[in-house]
Each structure stands twice: as structure tokens, then as C-alpha cells.
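Student: This is the structure, below, for whatever I ask next.
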Amino acid sequence: MRRTLPVFLLCLLPSLLDAKQEPAPTTPPAATSAGPATSTQTKPQRRPKIGVALEGGGAMGLAHIGVLKWFEEHHIPVDYVAGTSMGGLVGGFYATGMTPEEMQKLIEGLDWRKILDDRTPYEDLSYRRKEDQRAYPNSLTFGLRNGLSAPAGLIAGHQIGLLIDRVTLPYYGISSFDDLPVPFRCVATDLVSGQSHVFQGGQLAVALRSTMSIPGAFSPVREGNAVYVDGGLLDNLPTDVVKQMGAEIVIAVHLESAPVEAKDIRSVFGVLNHSVSAMIKENELHSLELADSIVTVPLGEFTTVDYAKSEPIMQRGYEAAQTRSRLLEAFALNDSDWDAYQQARKTRKRTEIPVPQFVKIEGASARSEEYASHYFRSFLNKPLDTARLDDMLTRMTGVGRYDSAGYWLTEQGGKPGLLIRVVEKNDAPPTFQPAFEVDGSQAGNVDFTTGTRFTFTDIAGFRSEWRTDLLLGNTYGIQTELYRPFTADSRWFFAPHADASDTAFQIYARNDPLADYRIYRINIGGDLGYGFGRFSELRVGYEIGSLNNKLRLGTPQIPAVQGRVGQSHLHYLLDHTDDPVIPRRGFTAESNFRWFDQSPGATNGFPSMDLKLGYFQPIARPASLFVEGEGGSTFGTTNTGIPQFFLGGPLRLSAYGNNEFQGNQYYLFRAGFIHDLLTLPPFVGKKVYAVGAYEIGKMYGVTADTNLPNDVALGFLAETAVGPFFIGGSVGDSGHRKWFFQLGRVF
């Protein structure tokens with residue numbers, strides 16, 4: 001978070017800035033870039049200590065890397081560095097001994113979209129959380145621990161925390177930031193005391209995570225009785241901190257953004273944003289007065305979230321330092337003094353990471369610590385694999401109990417150990433997930449359903465879950481399930497469940513409605529299952545209930561039945577894709593086998609089985625291809641009461657009417673492409689895609705207008721924060737065609 005000094009204030013203070021940007025050092029430097037300074041004195045002159053203050057600014061703060069790169073190339077020593085927010089992060093990395101080139105390479109290799117989204121990647125979620133995402137594909141999740149509440153920040157900070165942990169890991173044992181290759185400070189705001197807090201020792205990772213915790217965006221850092229957020233609220237350009245460290249020459253790197261215009265302040269968010277900006281500008285003005293030199297980086301065309309533009313932002317910082325070369329080169333060292341300065345920094349740089357001999361977990365409940373600790377035993381007594389550790393910690397957040405997980409090293413009894421620190425969700429569990437489903441697949445008839453999922457954990461023992469869905473709209477219903485592992489670490493589980501629903505079921509021929517049914521179901525049963533990790537699950541169980549379908553409007557298309565249903569079932573699902581809505585890579589497989597010992601309208605028991613397979617493959621960075629196939633059969637049984645399978649509607653022969661085909665045996669194939677079009681802003685959604693598919697299928701048991709129905713569907717899909725939205729159309733054989741849209745589960 002950062003703001004710059006307004007242009008009109010700069011115009012009012014020309015004498016101040018002239019004095020700051022062209023100072024005459026009170027103590028002459030020992031040398032310049034042109035060579036050693038001549039002197040008649042026999043005693044070498046002591047050069048002034050130089051400190052650099054780096055301003056906060058989100059993505060614009062990456063310009064500091066360019067400034068530091070120019071300093072290094074022109075032998076400008078940095079004896080002290082202090083920063084706030086992104087300035088603190090860049091300054092902290094530089095203080096550990098990273099060169100600007102190393103920082104630039106690191107930044108350019110980061111997936112900023114992943115860092116800012118900060119949601120656990122779909123493939124790293126536990127199987128249960130994957131089920132939640134498939135059923136409720138949005139980012140709307142609220143905690144119920146203290147009543148209905150939202151998290152403390154839109155971003156938990158897990159991904160950026162892992163980056164910080166990895167960079168700062170070798171400095172786990174330092175007591176003071178003065179012991180870093182470059183003495184360092186960073187500033188945060190303590191919301192409890194209402195004052196700035198200057199981090200000067202302790203865990204460097206905690207300090208860096210605290211200074212950049214933008215209120216409302218990143219979750220705050222809690223340490224003891226303190227709650228830390230971004231230091232920019234009170235000291236966005238910490239020149240005062242640099243002076244207190246002992247700097248005799250203070251260079252401030254100031255990030256100049258575009259001036260504010262009245263037309264930009266229209267919404268409540270704009271008012272709040274610019275109100276905070278005005279407060280920050282005031283503390284920046286005072287900070288600029290304390291600087292001996294100012295490097296102003298003009299960044300009017302960039303914003304605080306332009307992380308994808310890191311390269312031009314860093315280049316802008318380099319160019320800004322170049323414009324101050326006449327002043328800055330007065331502080332440059334000659335080659336021999338620069339080599340000595342570099343060597344002194346290298347002697348304080350740490351690169352070795354000791355081999356951990358024990359694992360300790362902090363921040364979790366005693367039961368969770370006991371369960372999780374055995375997963376990290378594989379890291380003992382071998383060199384630490386930070387990439388694998390990052391993956392494991394990310395999967396740990398995928399269970400749903402923790403906002404973030406990080407690590408550093410510690411010592412106990414003279415032995416080094418791995419300390420895993422987790423941050424439990426302060427608002428959950430239990431959780432509340434809302435969802436919306438709008439189906440405009442038939443002209444003149446838009447169906448709407450809203451749903452909520454309540455999840456309570458550890459109800460019947462550790463790792464147990466009680467999950468209940470409520471549905472209102474086109475479907476009125478409730479379904480509930482208790483998931484209970486045999487033991488805390490068992491893959492075996494049992495799951496009693498029950499459901500009741502009242503659903504509108506419509507049958508169309510093309511765009512013409514033929515029949516409108518209400519289908520009433522009540523079921524109760526139980527499953528025995530085995531989880532094969534986070535990708536697949538097998539269940540077997542029995543269910544008993546009742547089925548009643550009534551014709552409300554139109555002419556009969558399927559038999560009206562009423563009576564008892566009893567079925568044994570076997571279900572297997574494998575989900576190895578990278579997204580619950582529109583996968584770009586991976587594969588899926590799902591199969592259901594049922595034996596109905598009793599079903600209304602059926603004279604005897606009968607089997608029913610369906611199978612669905614999908615494969616998704618990237619062919620270029622913005623594009624992927626997919627192939628899907630599915631089919632079902634009752635293995636020759638025709639007297640099943642009502643048809644067991646239906647085709648027609650979006651993604652199931654899209655050009656045809658909803659449920660236009662009914663029968664007891666079918667197959668369907670789909671093949672198509674997915675292409676990125678644009679990226680949505682953070683917190684609004686992910687991306688917008690162009691989607692196209694060819695579909696061909698066949699239903700046995702009904703009379704159709706064609707021997708082999710097929711169509712082509714094209715449209716646009718946006719993954720938004722409230723769910724996926726699709727709009728498009730389809731053209732098929734026999735004159736079938738239509739436009740349609742959907743919000744909710746569209747893939």
C-alpha cells in the first residue's frame with residue numbers, strides 16, 4: 001500500500017525538493033566512481049554511512065529493484081535499508097544478500113495470479129474440499145464460528161508466506177536484523193496499540209509478512225497480543241527509521257503515481273481508498289523532509305496490482321536512478337573499496353541450511369498436531385527439500401482447517417529442527433457456502449435455484465464432518481450426510497445420509513415444452529467407503545426411499561409412478577484435473593452401478609450402470625483440447641418403470657430440448673477446445689474463455705428425429721467470484737438450434 005506526494009504539493013515546495021535532490025554531503029565521500037579521492041591527510045577519511053528508505057506501493061514497489069540494480073552497477077554502497085509494505089519486502093530480500101539481478105529473476109518467475117488469488121489450487125485440495133468446489137463452484141465461503149462472518153482478509157497470505165520463508169530460511173537464528181548482510185528494518189502497524197512497530201529482530205519472515213499485510217486484502221499477522229497490518233498507514237516511507245539506524249546520508253525512493261481526479265471517486269470503495277491515500281500522503285510528506293536525497297520514480301501509468309508488468313516497472317526504477325546520477329555518483333566507491341564493501345557483505349551472508357533432526361508444529365490443536373506431525377517425518381535427517389515442503393504445506397491448507405502454513409528452522413537441545421507454523425481459520429469451521437444456479441437453456445423459461453451448504457467438523461470424532469445442503473427454487477430439498485473415518489488417520493469411513501427433494505422436471509422437443517413434471521423423492525441410507533488420497537474415492541452402500549412423479553402440465557411423456565425404491569449401489573470417482581469448472585489439464589472417471597430390488601412401475605429388480613470419462617490436454621499456453629465420453633445401460637432390461645437416462649440440453653446435445661431423449665441405454669461423445677480470452681481483476685474472478693465443442697450421441701428406447709443426433713456448441717465462459725457464467729448457442733442436425741445461458745455448475 002502506498003501513495004505519492006500530489007503534484008500540486010510538489011509545486012508548492014520547490015525549494016525543499018531542490019535541496020533534497022542536490023545536497024552537498026557534510027562529510028566528503030572517500031572516493032567517487034572516477035577513482036580515489038586525493039588528500040594531503042595521512043589518515044584516511046571516513047565515508048558517510050548511507051541508508052536507503054523504500055516506500056510501500058504494491059506492484060509499483062518492484063521499481064525498488066531497478067533502483068538497487070543501478071546502485072550496484074555504479075558502486076553506491078547501502079549500509080542500512082528500511083522499507084514498508086512492498087518496500088519492506090524488497091528491502092528485506094536485499095538485506096539477506098540477494099542481488100537485484102537475483103530478485104529480478106525471482107520476481108519474473110512468480111505466478112502473481114496464484115499468489116494474489118491465494119486459494120489452494122484445486123489439485124491440492126483434499127477430496128472432501130474438491131466435492132465442495134464441484135458442488136459450489138465459487139469463492140463465497142463464510143465462517144460460522146462466531147456467527148456469520150467473513151475472513152479477516154481476502155488473501156490469507158499463504159503463497160507469499162511460502163516465498164518469504166524460502167528466502168529467509170538461512171537466517172533462522174539471528175537475534176538482530178543488524179546481523180544481516182545489510183542491516184535492515186521494516187515497519188508495520190499494530191492495530192491493538194494504534195502505533196507503528198519497527199521490526200529490528202526476531203523471525204525475519206514474520207516481519208516481512210507483517211509489513212505487507214494490506215488491511216482488508218491480506219489477513220493480519222497475530223503475534224502475542226499484537227495484530228500487525230501494513231505499515232504504510234502510519235509510515236509509508238521510513239526515512240526516520242533509517243536515520244535512527246545510524247545513516248548519515250538518507251536516500252528516499254519515492255514512487256510517484258498518477259494524480260487523483262474527482263471522476264475517480266464515485267463508489268464507496270473509491271471514497272475509502274482515497275481517504276486512506278490522503279492520510280498516507282501526509283506521512284510521506286514528513287518522510288520526504290527527512291531525506292537528504294530523493295529518487296522519484298514516475299509510475300503514473302501503473303497501479304498497485306500491475307504485477308504482470310514487473311519488467312517495465314523495474315526498468316522505470318533503474319531509469320529514475322539514472323536521472324539522479326550526478327548526485328548519486330558523489331557517493332560511489334572506487335573499485336578496491338567497492339570490492340571490500342562487497343566482501344564484508346558476503347562474510348555475513350548465510351547459505352547453508354542445517355539438516356533438521358526433529359519436527360515441531362505450532363498453531364494447531366493438539367489433536368491436529370499429532371495427526372499432521374507424521375506427514376513431515378520424511379524431512380528428517382536429510383537436506384531440506386523446500387519445493388516438496390511447499391507442496392505439502394499447501395496441501396495441508398487444502399484440508400480446510402488452516403488459512404496458511406509456513407516454516408522455518410529452530411533449535412532444541414543444540415539440535416536443529418523443522419518448525420511448522422500453521423494459522424487456523426479464525427472464523428471457521430463450521431462453514432457456510434452459498435451458491436446460485438440459473439438455467440436459461442430454454443427460450444422463455446429461466447429456472448433459478450439457490451443453495452447453501454453447512455459443514456461442521458469433528459462432530460463425531462477427529463476428521464468427521466456433518467454436511468447439509470438446503471436448496472430453494474427449481475428444486476426444493478435438503479440432503480445431509482455424516483462422514484466418519486474409522487480412526488483419525490484411517491482411509492476407511494462410513495457415511496449415513498438422507499435426502500428429500502421436490503424438483504421441477506421438464507421435457508422439451510426443440511424449444512417447445514411437452515410436459516412439466518414434479519418429482520418427489522425421499523431417501524435414507526448409508527455407505528462404506530475408502531479414500532485413495534485427495535484424487536479418488538470408492539463407496540458401496542444401500543438406500544431405501546420413495547419416488548413419486550406427477551404430471552402438472554402438458555401431455556404425458558414418461559409414466560407417472562409412485563412407490564418404494566430400494567437400491568444397492570457402488571460409486572467410484574477419480575478427479576485428477578486442475579479446476580472444478582473448466583479443467584485445462586488432467587483426466588476424470590466416474591462410474592455408478594445400481595441394483596434396484598424395487599422401483600415404482602418395475603415388475604422385477606434390475607441393474608443400471610453409467611460411466612463417464614474425460615481428458616483435458618493443453619496444446620499451447622492459452623489453449624487446451626478436451627475429449628469426453630459417457631454412456632449408460634440397464635443391460636437389456638426395458639421394464640424399469642420410468643426411463644433411467646435422459647439426453648438433451650447444455651453439454652448433453654446442447655441444440656436439443658431439455659430431456660428430449662429418454663431411454664434405458666445411451667452413449668454421448670464430446671470433443672472441443674478451450675481458449676483464454678482475458679484475465680479478470682483479482683477478487684472478481686479468474687478468466688474469460690472461448691469454448692467450442694462437437695457433440696454426438698444416441699439414446700435407445702425412444703423415437704427420435706434423427707438416427708444419430710449431433711451438434712456444434714460455441715460460447716463464452718467467465719469464472720467469476722459468484723460462480724461460472726456461460727452464454728452461447730448450438731446448431732444441430734434436423735434444424736435444431738438455440739441460444740442459452742447458465743450461471744452455476746455449467747461444466
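Student: Looking at segment 671-681, which of the residues that are assigned to a strand (DSSP E or B) and open to solvent by 50 Å² or more (accessible area, probe 1.4 Å) is nearest to Ile155 (Cα to Cα)? Lay out the reasoning, then the answer.
Tutor: If we filter segment 671-681 for residues that are assigned to a strand (DSSP E or B), which is where we start, we get 671-679.
Next cut, open to solvent by 50 Å² or more (accessible area, probe 1.4 Å) only: 673, 675, 677-679.
Numbers: Phe673: 32, His675: 27, Leu677: 25, Leu678: 22, Thr679: 18 Å.
If we take residues in segment 671-681 being assigned to a strand (DSSP E or B) and open to solvent by 50 Å² or more (accessible area, probe 1.4 Å), then Thr679 is nearest to Ile155 (Cα to Cα).
Student: Ok, one more. Looking at Arg594, Arg518, Arg539, which is the one that is within 22 Å of Thr640 (Cβ to Cβ), open to solvent by less than 50 Å² (accessible area, probe 1.4 Å) and not in a loop (DSSP other than H, G, I, E, B)?
Tutor: On inspection, the qualifying residue turns out to be Arg518.
Student: Applying the selection to segment 682-721, what residues are part of a loop (DSSP other than H, G, I, E, B), open to solvent by less than 70 Å² (accessible area, probe 1.4 Å) and within 30 Å of Val305 (Cα to Cα)?
Tutor: Pro682, Ala721
Student: Of all residues in segment 331-386 being among the hydroxyl-bearing types (Ser, Thr, Tyr) and modelled with pLDDT of 85 or more, which is farthest from Gly417 (Cα to Cα)?
Tutor: Ser336
Student: Now for a different question. One residue is enough: does segment 415-432 have a residue meeting the conditions assigned to a strand (DSSP E or B) and under 30 Å from Phe725 (Cβ atoms)?
Tutor: Yes: segment 415-432 contains one or more residues that are assigned to a strand (DSSP E or B) and under 30 Å from Phe725 (Cβ atoms).
Student: Do you know which residues across segment 70-98 are free of Cβ contacts under 8 Å to residues at least 60 places away in the same chain, farther than 21 Å from Thr211 by Cα and either out of contact with any Pro (no Cβ under 7 Å at 6 or more places or on another chain) or buried (at least 24 other Cβ atoms within 10 Å of the Cβ) (or both)?
Tutor: Glu73
Student: Let me ask another. With the checklist (1) open to solvent by less than 20 Å² (accessible area, probe 1.4 Å); (2) modelled with pLDDT under 90 in hand, flag the one item Pro181 doesn't pass.
Tutor: Only one criterion is unmet by Pro181, namely (2).
Student: Right, something else. So Val565 passes all but one of these: (1) touching a strand residue (DSSP E or B) at 6+ places or on another chain (Cβ under 8 Å); (2) on the phi < 0 side of the Ramachandran plot; (3) not in a strand (DSSP E or B). Which condition number does it fail?
Tutor: (3)
Student: From the list Arg584, Arg552, which residue is open to solvent by 30 Å² or more (accessible area, probe 1.4 Å), of a type outside the set (A, V, I, L, M, F, W, C) and either part of a loop (DSSP other than H, G, I, E, B) or modelled with pLDDT of 95 or more (or both)?
Tutor: Answer to the check: Arg584.
Student: Still on this structure, I have one more. Are there any pairs, at least 6 apart or on different chains, whose C-beta atoms fall under 9 Å, with the first in segment 307-334 and more than 20 Å from Ala247 (Cα to Cα) and of a type in the set (Asp, Glu) and the second open to solvent by 30 Å² or more (accessible area, probe 1.4 Å) and in a helix (DSSP H, G or I), and if so, which?
Tutor: From residues that are more than 20 Å from Ala247 (Cα to Cα) and of a type in the set (Asp, Glu), the pairs are Glu311/Gln104; Glu311/Glu108.
Student: Quick one: would you say Asp117 is closer than 27 Å to Leu418 by Cα, charged (D, E, K, R) and open to solvent by 10 Å² or more (accessible area, probe 1.4 Å)?
Tutor: On the way: closer than 27 Å to Leu418 by Cα: no; charged (D, E, K, R): yes; open to solvent by 10 Å² or more (accessible area, probe 1.4 Å): yes.
Criteria not met by Asp117.
Student: Note down all Cβ pairs under 7 Å where the first residue falls in segment 670-698 and is over 16 Å from Phe726 (Cβ atoms) and at pLDDT 95 or above, the second is open to solvent by 20 Å² or more (accessible area, probe 1.4 Å) and of a type in the set (S, T, N, Q), and they're at least six residues apart or on different chains.
Tutor: Hits for this filter: Ile696/Asn710.
Student: Within segment 614-657, take every residue that is among the aromatic types (Phe, Trp, Tyr) and closer than 15 Å to Ala693 by Cβ and give me the one that is most open to solvent (accessible area, probe 1.4 Å).
Tutor: Step by step, filter segment 614-657, then rank; the result is Tyr615.
Student: Checking Phe725 against (1) of a type in the set (Phe, Trp, Tyr); (2) within 25 Å of Ala504 (Cα to Cα); (3) in contact (Cβ under 8 Å) with a residue 24 or more places away in the chain, which test does it fail?
Tutor: Phe725 satisfies every listed condition except (3).
A quick yes/no check of all residues on (1) part of a helix (DSSP H, G or I); (2) modelled with pLDDT of 90 or more; (3) open to solvent by less than 30 Å² (accessible area, probe 1.4 Å):
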{"position": "Ser275", "(1), (2), (3)": "yes, no, no"}
{"position": "Met279", "(1), (2), (3)": "yes, no, no"}
{"position": "Glu282", "(1), (2), (3)": "yes, no, no"}
{"position": "Ser287", "(1), (2), (3)": "yes, no, yes"}
{"position": "Ala308", "(1), (2), (3)": "yes, no, no"}
{"position": "Pro312", "(1), (2), (3)": "yes, yes, no"}
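Quick grid of which residues meet (1) basic (Lys, Arg); (2) at pLDDT below 95; (3) touching a Gly at 6+ places or on another chain (Cβ under 9 Å):
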position: Asp118; (1), (2), (3): no, yes, yes
position: Pro151; (1), (2), (3): no, yes, yes
position: Ile155; (1), (2), (3): no, yes, no
position: Arg166; (1), (2), (3): yes, yes, no
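Yes/no per residue for (1) open to solvent by less than 40 Å² (accessible area, probe 1.4 Å); (2) part of a strand (DSSP E or B); (3) touching a Cys at 6+ places or on another chain (Cβ under 6 Å); (4) free of Cβ contacts under 8 Å to residues at least 12 places away in the same chain:
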residue: Phe436; (1), (2), (3), (4): no, yes, no, no
residue: Ser441; (1), (2), (3), (4): yes, yes, no, no
residue: Asp447; (1), (2), (3), (4): yes, yes, no, no
residue: Trp466; (1), (2), (3), (4): no, yes, no, no
residue: Ile478; (1), (2), (3), (4): no, yes, no, no
residue: Leu482; (1), (2), (3), (4): no, yes, no, no
residue: Ala488; (1), (2), (3), (4): yes, no, no, no
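Student: What residue, of Thr120, Thr189, is more than 30 Å from Ser464 (Cβ to Cβ), of a type in the set (S, T, N, Q) and in contact with a His (Cβ under 8 Å, 6 or more places away or on another chain)?
Tutor: Numbers: Thr120 fails: more than 30 Å from Ser464 (Cβ to Cβ).
None of the others qualify; the one that does is Thr189.
Student: While we're looking at this one, here's another question. Would you confirm whether or not segment 78-90 contains a residue that is modelled with pLDDT of 95 or more, assigned to a loop (DSSP other than H, G, I, E, B) and of a type in the set (A, V, I, L, M)?
Tutor: Yes, segment 78-90 contains a residue that is modelled with pLDDT of 95 or more, assigned to a loop (DSSP other than H, G, I, E, B) and of a type in the set (A, V, I, L, M).
Student: If I go through segment 235-273 residue by residue, how many of them are more than 20 Å from His64 (Cβ to Cβ), open to solvent by 30 Å² or more (accessible area, probe 1.4 Å) and at pLDDT below 90?
Tutor: Of the residues in that region, 14 qualify.
The values are calculated or read from the model by the stated rules, or taken from the named source; none is laboratory data. Source: prediction; values computed, not measured. Heads up, the Cβs are rebuilt from the backbone with ideal geometry, glycines too, and the neighbour counts pull from every protein chain shown. Protein only, heavy atoms only, side chains kept; ligands, DNA and RNA dropped before computing areas. Shrake-Rupley method; radii C 1.70, N 1.55, O 1.52, S 1.80 Å.
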